[in-house]
1. Within the range 12-28, how many residues turn out to be part of a helix (DSSP H, G or I) and more than 24 Å from the chain's Cα centre (by Cα)?
2. Out of curiosity, is residue 388 assigned to a loop (DSSP other than H, G, I, E, B), more than 17 Å from residue 285 (Cα to Cα) and assigned by TED's automatic domain parsing to the domain that holds residue 356?
3. Give me the residue from the range 266-307 that is under 14 Å from the mean Cα position of the chain (by Cα) and among the charged types (D, E, K, R) and, out of that set, nearest to residue 429 (Cα to Cα).
4. Residue 133 passes all but one of (1) surrounded by 23 or more Cβ atoms within 10 Å (Cβ to Cβ); (2) touching a Leu at 6+ places or on another chain (Cβ under 6 Å); (3) not aromatic (Phe, Trp, Tyr); which number fails?
5. Condition check: closer than 27 Å to residue 555 by Cα, touching a Pro at 6+ places or on another chain (Cβ under 8 Å) and surrounded by 24 or more Cβ atoms within 10 Å (Cβ to Cβ). Does residue 285 satisfy that?
6. Given the criterion assigned to a helix (DSSP H, G or I), surrounded by fewer than 24 Cβ atoms within 10 Å (Cβ to Cβ) and in contact (Cβ under 8 Å) with a residue 24 or more places away in the chain, identify the matching residue among 257, 241, 237.
7. Within the group 552, 602, which residue is surrounded by 10 or more Cβ atoms within 10 Å (Cβ to Cβ), within 45 Å of the chain's Cα centre (by Cα) and within 30 Å of residue 436 (Cα to Cα)?
8. Could you look through the range 209-220, keep only residues that are surrounded by 22 or more Cβ atoms within 10 Å (Cβ to Cβ) and among the hydrophobic types (A, V, I, L, M, F, W, C), and pick out the one that is farthest from the chain's Cα centre (by Cα)?
Amino acid sequence: MRLYLLAMVFVLISGLPGVFLRRWGGEVAAVLMGLGALLGMAAAVRVLAGGPVAVLTLPPAPLASAGLLTLDPIAALFSLPVFLLPACAAIYGIGYWDDHQENARRLRLVLGLLAAFLALLVVSTHALPFLLGWEGMAIAAFLLVMTEDRLPEVQRAGWIYLVCTHTGTLALFGAFAILASVSGHWAFSTLPRAFAGTSQGTALFWLCLFGFGLKAGVMPLHLWLPSTHAAAPSHVSSVMSGVLIKMGILGLVRLLSWIPDPPFWWGATLMVLGALSGILGVAFALGQHDLKRLLAYHSIENIGIILLGLGLGTIGKSTGHPVIQVLGFAGALLHVVNHSLFKGLLFLSAGSVVHALGTRNLEQMGGLGQRMPWTSAAFLAGSWAICGLPPLNGFVSEWFLYVGSFRALGFYPWPWSLVVLTALAIIGALALACFAKAYGAVFQGTPRTRAAEAAHEAPRSMLIPMGILATSCAVIGLAPMLIAPALDRVVGSLGASTDLPPLSLLSSLPSLSILAFLLLGSAWLLWRWLRPAAPGGPLPTWDCGYAAANPRMQYSASSFADGLVGGMRWLLWPRSSGGEVAGTFPSTQAYGSHVPDPVLERIADPVFRVVATGAAFLRFFQGGQVHLYLLYVLLTLLALLLWMVA
């Protein structure tokens, strides 16, 4: 625990020297954050490798119960992205958000605070430090989102996030109050059997699902997530998507670890919410023209995949099927790490594009593959991984869920595993279409604007973090046997018993490695064969002999996805403007489309407007005169007396 606490200190103070340094503030912050990350991950790996659980316990008097911080296998697994992603963001920020920006010092300082609060949160096994870490994380993230607070869209995104996160915190207060009433203390511990089936257990589940689900961005509690990820600086978005939303998953995992006998309907509920989040998340991503907003909706999609795994594992735990339990929980927990890696990689790659062009609009990009080859390769690797394709890491975690679902087909009176299989198949197909659209619109074809023509590769400080994350994706995909023992330890913390089969015997991991290396070798040979031999570089695409091609004749992001978005019109409710091109000599036509968020724009916004109108009406009573306030108090007391007498 001392090593872990030292790591927390390093990340906490990482941005402090830069406040007083005129130069090299970003470099000093990156060094301190990197050192803290190495120490923190070393402490986590030691626990995952079979080392003793580290515990920091204070006397019970100050906290009303013993127990404070515990670096157990669950905390160790979540600590890996908690330390890795902020370190990559700190290095990336040297080139992306340099000292010439007026708020660069504040950004580095608050990024260190966010990383420290996240590190505190994952090891908290007591309500007090957990809520301190939760609120500290929320406030630090709000300040980071508001980095460019002069922009109206940033202000709106920041305040929506703040309202949502504090609404979720209220639910957690209620959940921890129930825990304290049952156990008699505020420390986290295993709850008695049969508790989950009581009314208190049901209330605990729904409060935790709402509070933690709101933070994770579970559909339909996701209303803060797309706008916040789009408005924040790109390296902050990578931390928020890769780490911050996973704290909601951490809370659900902690809840499942406390319950020895969860009801069947708990797992079914998580499974249905996972399918809803996964399918709708990728469907709404298809209709986006903002590159970062597109990636934000894919975060909702991957939270859905994680919930599918948690639901499958919970059903296995409820029905006493250890094989289903191990595969479901292992797939969900590995996908937590995998999503942190490839989504962090995608946001950093997108940030390089935004840094070079000054826009997030997909329709103003194109042809960047030749101008930004390393960024293009990094985005392609992240896209490949998020689509769940071998030989990268996204395939491994989804493979666990596929194997677990197929094994579960004959175990239940109603085949709930079909929900997982169907959802994963739909999500995979739509994700592949969406990232074909995104990669093609950004890096393929010809530039659509002068800014795209003048684009240049990102500096080395921005490429190094992308290389670290891409390499991590490849290592897990090529050698999944390395992480199997660690996953066994974490799944053991969630099991109803310690007698669980090892993951390596259930999922054919050696065969996956062989397949991954064969695919990698085949891809390299295919690339060498198709690589143009012309000294002038890539040759233009054959265009049927037409010699006057221009950027307006190529597919745009909107036109590429128009068929799929139109086919899901009943679900997405897209809005379009502009006429169709018709006639022998057609006139110039402009076409635009927009896919609104159903929860934020159709439900939350109208509700907020009604609340704001009511609040504005109540201002009439706030006159600023003391005698009026005394009159209000007197009238309230009289009303209470009359009510008591009646």
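The values are calculated or read from the model by the stated rules, or taken from the named source; none is laboratory data. Computed from a prediction, not measured in an experiment: that's the story for all the values here. Glycine gets a Cβ as well: all are built from the backbone with ideal geometry, and neighbour counts include every protein chain shown.
1. Step one: filter the range 12-28 for residues part of a helix (DSSP H, G or I), giving 12, 16-20, 25-28.
This time we only want the ones that are more than 24 Å from the chain's Cα centre (by Cα), so: 16-20, 25-28.
Going through the range 12-28 one residue at a time, the tally reaches 9.
2. Considered against the rule, which asks whether it is assigned to a loop (DSSP other than H, G, I, E, B), more than 17 Å from residue 285 (Cα to Cα) and assigned by TED's automatic domain parsing to the domain that holds residue 356, residue 388 comes out as no.
3. If we take residues in the range 266-307 being under 14 Å from the mean Cα position of the chain (by Cα) and among the charged types (D, E, K, R), then 301 is nearest to residue 429 (Cα to Cα).
4. Here residue 133 clears every test but (1).
5. The answer is no for residue 285.
6. Going through 257, 241, 237 in turn, the sole match is 257.
7. 602
8. 209
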